[in-house]
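What follows draws every value from the coordinates through simple rules; no lab data is involved. Keep in mind it's a predicted model, so treat the numbers as computed, not measured. Note: ideal-geometry Cβ built from the backbone for every residue, glycine included; neighbour counts use all protein chains shown.
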Amino acid sequence: MAIFRNGPNGGLTGKFGSVIAYQLNGQDIIKGLPKKRKKKRKPTAREQINRDKFAHMQAWLKPLLGFLKVGFKEYAPTFQGFVAAKSYNSKHAFIQKEDGSWYIDPALALVSFGSMTLPQNMSMARDGDKIVIKWSNDVDYQPIDQAMVLAYIPEIGDVEYDLAAAKRHTGTASILLPRHSVGHEAHVYIAFVAYDHSAQSNSYYLGAITV
């Protein structure tokens, strides 16, 4: 596959002989047409593990699509949102059990990625049917920066999130617990985002609360 810049007549699109040209994330891409497989072979043990991990991560992240679109917006120029989150977490959030199987550790997972500075102190507490989150304002920030908060029960895909839960200068935000998940653990995250979504912080894992 090759990336080429726009010429005097603009970028090419469509099929040209044995290659096809198209645009992806603002770049012009040209690559060869896929070749027909002669015979479908059984995947190796490692290939099957990688396929299973890929499917597991895909399912884990799917309920968070709207959050990831903002949280991973600036991960890389051509690598954003859901795809970027899948790439990062596939590398950093999988843990292997003693029996050889794999699971996603919520404490290692990121739901936002960026260069904005996190507060030094963050905490959460339950208040009835909601979670109250507090943070210190001890680092440089813009008063109109916003807090993004998320409560997620991956086992059943139940999620509550707010991309503009509170202005950063307030030092506090709240979110409802997922509504139909009594007895399950909700994993809670906070991140910060510029008002115009031009920059984000890494997310911070606050812990789990039983619904």
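Run the quick spin-label model on HIS197 and ILE20: label points 7 Å from Cα toward the beta carbon, then report their separation in nm to one decimal.
For HIS197 paired with ILE20, the spin-label model returns 2.9 nm.
Using the structure shown, list the pairs from LYS42/LYS86; LYS40/LYS73; LYS42/LYS69; LYS62/LYS130; LYS97/LYS130 with a Cα-Cα distance above 31 Å, or answer none. Could you put the intermediate results ahead of the total?
Values: LYS42/LYS86 25 Å; LYS40/LYS73 37 Å; LYS42/LYS69 35 Å; LYS62/LYS130 23 Å; LYS97/LYS130 33 Å.
Violating the 31 Å limit, Cα to Cα: LYS40/LYS73; LYS42/LYS69; LYS97/LYS130.
Pull up all non-local amide H partners of LEU206: gap of 5 or more, or a different chain, and H-to-H distance under 5 Å with H placed in the peptide plane.
Amide H to amide H, under 5 Å and 5 or more residues apart or across chains, LEU206 pairs with VAL188, TYR189, ILE190.
Can you tell me the length gained on complete extension of the stretch THR170 to SER87, counting 0.36 nm per residue apart and subtracting the Cα distance?
Working: separation 83, 0.36 × 83 = 29.88 nm, distance 3.32 nm.
Between THR170 and SER87, full extension yields 26.6 nm more.
What FRET efficiency would be calculated for the residue pair ALA107, LYS40, taking the C-beta separation as r and a Förster radius of 41 Å, to the nearest 0.05?
Numbers: r = 39 Å, r/R0 = 0.95.
Here the calculated transfer efficiency is 0.55.
Amide H neighbours of PHE72 under 5 Å, counting only residues 5+ apart in sequence or on other chains, H built in-plane at 1.01 Å?
Sorted by chain and number, the residues that satisfy this are GLY81, PHE113.
Quick one: what are the phi-derived ³J(HN,Hα) couplings along region 89-95, Karplus 6.51/-1.76/1.60 with θ = phi - 60°, whole Hz, x for glycine and proline?
6, 5, 7, 10, 10, 7, 10
In whole Hz, with x marking every Gly and Pro, tabulate ³J(HN,Hα) for region 148-161 from phi via Karplus 6.51 cos²θ - 1.76 cosθ + 1.60, θ = phi - 60°.
10, 10, 8, 10, 9, 10, x, 4, 10, x, 8, 8, 10, 8
I want to check the label-to-label distance for LEU65 and VAL132. Put each point 7 Å from Cα in the C-beta direction and report it in nm to one decimal.
Simple spin-label model gives 3.5 nm for this pair.
Quick one: which residues, 5+ away or cross-chain, put their amide H under 5 Å from the amide H of ALA199? H built at 1.01 Å from N.
ALA194
Name the shape class, rounded, prolate or oblate, that the alpha-carbon gyration tensor gives for region 45-210, where a ≥ b ≥ c are the square roots of its eigenvalues, rounded holds for a/c under 1.5, and otherwise prolate holds if a/b is larger than b/c and oblate otherwise. Kindly include the intermediate steps, with their values, before the conclusion.
Numbers: a/c = 2.08, a/b = 1.36, b/c = 1.53.
Judged from the Cα gyration tensor, region 45-210 comes out oblate (a/c at least 1.5, b/c at or above a/b).
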